[in-house]
1. Within the range 237-265, which residues are surrounded by 15 or more Cβ atoms within 10 Å (Cβ to Cβ) and under 21 Å from Glu196 (Cβ atoms)?
2. Looking at the range 2-35, which of its residues are of a type in the set (A, V, I, L, M, F, W, C) and closer than 17 Å to Val128 by Cβ?
3. Among the residues in the range 212-231, are any surrounded by 14 or more Cβ atoms within 10 Å (Cβ to Cβ), at pLDDT 95 or above, aliphatic (A, V, I, L, M) and not in a helix (DSSP H, G or I)?
4. Can you confirm whether the range 31-46 contains a residue that is more than 18 Å from Leu172 (Cα to Cα), assigned to a loop (DSSP other than H, G, I, E, B), out of contact with any Asp or Glu (no Cβ under 6 Å at 6 or more places or on another chain) and not acidic (Asp, Glu)?
5. Determine the pairs where a residue that is part of a loop (DSSP other than H, G, I, E, B), located within the range 1-12, has a partner that is surrounded by fewer than 16 Cβ atoms within 10 Å (Cβ to Cβ) with Cβ atoms under 9 Å apart, the partner being 6 or more residues away or on another chain.
6. Can you find, within the range 240-282, the residue that is farthest from the chain's Cα centre (by Cα) among those that are acidic (Asp, Glu) and not in a strand (DSSP E or B)?
7. Answer yes if at least one residue in the range 58-73 is closer than 19 Å to Phe147 by Cβ and either crowded, with 19+ Cβ neighbours inside 10 Å or not assigned by TED's automatic domain parsing to the domain that holds Gln153 (or both), and no otherwise.
8. I need the full set of residues from the range 193-207 which are of a type outside the set (Ser, Thr, Tyr) and either out of contact with any Leu (no Cβ under 6 Å at 6 or more places or on another chain) or without any contact (Cβ under 8 Å) to a residue 24 or more places away in the chain (or both), in order please.
Amino acid sequence: MQIVHTIADLREKLSGFKRPAFVPTMGNLHDGHIALVKQAKPLGDVTVSSIFVNRLQFAPHEDFDSYPRTLDADAQRLEAAGCDLVFAPREKDLYPEPQSYKVHPANDLADILEGHFRPGFFIGVSTVVMKLFSCVFAGMPTGVAAFGKKDYQQVMVVRRMVQQFALPIEILAGETQRAEDGLALSSRNGYLSPAERAEAAQLSVALKALGIAAKAAQPAELPALEAQAMQALARRGWKPDYLTVRRRADLQPPHGALADQSLVVLGAAKLGHTRLIDNLEI
């Protein structure tokens, strides 16, 4: 496995290949990232992963400066998973000048849920993903890029961007990887204290309970069920942003008989100083 830092070196190493399998990350890797690499690898003729903490998707009060940078350990894990090439650009390599041209995803998807509580987040995500795609897939007839379903809304934003720009890239959505107690794996789980880590699985428990209640409910009852789910987490010491049931197709509130629809339950809540997200398709 090789590690490159500049766009020119990346493109030189990729010359001669026709279908990269690409897994973009911000590093501090966990088993969910490694599962994506293993799922993507058979779908391309070269496996690439990027490690870049993207300033554009962090608000001023968020954890950009303290986000863990663990390149050496990450590279060892990627090599063991069969990754061929790691692109680890410095900020000056990917953003040699201020990134004034940005990708603005559609408001109906990007300004709800995560986009509501983290304004501008999906502009930052879309912009860096588009730039990484241009670095990895330039001149390629086709390719595949893998993202984890834990970031459910993010996968939808990226998939729509690929469709709208007619990019020859297949988007692979990997299933959420979980700890034995049900906690979705996340790089930010490392921020949790031992007591918080023991409590953290209650987010997935709350989503399951809300999903079960929703399938037996009428649409008009959903707001009350969602409020009750948030109140139950709050009583346990959480600060929930949302626990909600939405249509999988567009993340809008469902209408009509719920039992016959493809739905997803999504949640985001802060435990101590750590904000966790999760979802469950029902």
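1. Hits for the range 237-265 are Trp238, Pro240, Asp241, Tyr242, Leu243.
2. Ile7, Leu10, Phe22, Val23, Met26 - these are the residues of the range 2-35 that are of a type in the set (A, V, I, L, M, F, W, C) and closer than 17 Å to Val128 by Cβ.
3. No - not one qualifying residue is present in the range 212-231.
4. No: zero hits.
5. Listed by first residue and then by second, the contacts come to Met1/Glu79; Met1/Gly82; His5/Arg90; Thr6/Arg90.
6. Among them, the one singled out is Asp260.
7. No, the range 58-73 has no match at all.
8. Selection gives Pro194, Ala195, Arg197, Ala198, Glu199, Ala201, Gln202, Val205.
The values are calculated or read from the model by the stated rules, or taken from the named source; none is laboratory data. As the structure is a computational prediction, the values presented were derived from the model and not from experiment. Methodologically, a virtual Cβ is constructed for each residue, glycine included, from the backbone with ideal geometry; neighbour enumeration extends over all protein chains shown.
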